[in-house]
Amino acid sequence: MTLLQRVHATPGVAPYMAEVEAGLARAVAARPGLAQEVAGEALAAGGKRLRPLLCFLTAPGLPSVAAGVAVEMVHMATLVHDDLVDGARLRRGLPAAWSVYGPDAAKAAGDYLFACAFAVLAEEGDAFAVETLADASLALARGEAMQKLQTHDPSTSVDAYLERCSLKTGKLIEAACLLGSGGDEALGAYGAALGLAFQIADDILDCAGQTQETGKIPGTDLREGTPTMPLLYAAQQDEVVRDALAGGSLDGALLRVAATGAIERSRDAALDYAARARAHLAAHPHREELEALTYAVVDRAG
């Protein structure tokens, strides 16, 4: 049993996640039409459901199902839009929505998911939750814009990469912890650091993982010119990788990334952010599970 499976075996998690899944299905089905159909395909593709899990684990008492549903729907919306913007044809090993239904339908489906997420929270009448998720959604948009500016730029600094990751990944995971805990700043900081560890591990997998592990074809970031930590570290040492990241020939470039030691350096960074996340944890009913998650997200890239 993996660490993540052990966390999912925590008493109370299974019924909560079942309620979240039912809530996601209800929310997506709210307005029948093409956008709803495409969004339904995104829902059926499944996922780790890390963000609702964090809503459960950070809650001091009864966890909010609405929070888990809403934060996962925003995550789903970003995946649909990201695949469209990046031209990625696979998502979790399945055809991306835009490649099946077309760009306009995918854009509408992503917008639909965003709207549904806030409709779920609005029904609860929780202004703090709406503000928290709105702030994270704004960060997502800023991060996407930053990624566009950094595309095919091997001179991107690692700090600029980390800022982008914080906006595109960290803020929504932070929001999940804030929504679950009712605004506990320490748990929010835990989520922000966990998000960076998670994203760095994902970027390592893109360089060194297998399609069955990631649901994506290895080397996607290099082909699309997305500067990630392992690619930036490798580009600092290897002209072939640098040229490939800038939009040049890809021949042999991905193999050379590993040869530079960039993957090991990136894994060390992911481990560091996981340790920073653990440092924010005080006494909590689910401290053990929250600590386990910091190891689980990095172990994927081991």
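For the stretch 282-301, a residue qualifies if it is without any contact (Cβ under 8 Å) to a residue 60 or more places away in the chain and not in a loop (DSSP other than H, G, I, E, B), and the qualifying residues are ARG287, GLU288, GLU291. Count of the stretch 177-199 residues, restricted to those that are within 23 Å of VAL65 (Cβ to Cβ) and surrounded by fewer than 24 Cβ atoms within 10 Å (Cβ to Cβ), is 5. The set of residues in the stretch 45-75 being more than 16 Å from CYS116 (Cβ to Cβ), open to solvent by less than 10 Å² (accessible area, probe 1.4 Å) and small (Gly, Ala, Ser) consists of ALA59 alone. TYR233 meets the conditions (1) buried (at least 24 other Cβ atoms within 10 Å of the Cβ); (2) among the aromatic types (Phe, Trp, Tyr); (3) closer than 26 Å to THR260 by Cβ in every case but one. The failed one is (1).
Among the residues of the stretch 222-256, the one identified as among the hydroxyl-bearing types (Ser, Thr, Tyr) and assigned to a helix (DSSP H, G or I) is TYR233. All told, ALA122 falls short of being buried (at least 24 other Cβ atoms within 10 Å of the Cβ) and either closer than 30 Å to PRO63 by Cα or within 17 Å of the chain's Cα centre (by Cα) (or both). Regarding the stretch 257-269, can at least one residue be identified that is over 13 Å from ALA197 (Cα atoms), modelled with pLDDT under 95, assigned to a loop (DSSP other than H, G, I, E, B) and open to solvent by 40 Å² or more (accessible area, probe 1.4 Å)? No, the stretch 257-269 has no match at all.
The values are calculated or read from the model by the stated rules, or taken from the named source; none is laboratory data. Computed from a predicted model, the values in this text were never measured in an experiment. Please note: Cβ atoms are built from the backbone with ideal geometry, for glycine as well, and neighbour counts cover all protein chains shown. Accessible surface areas use protein heavy atoms only, side chains included; no ligands, DNA or RNA. Shrake-Rupley method; radii C 1.70, N 1.55, O 1.52, S 1.80 Å.
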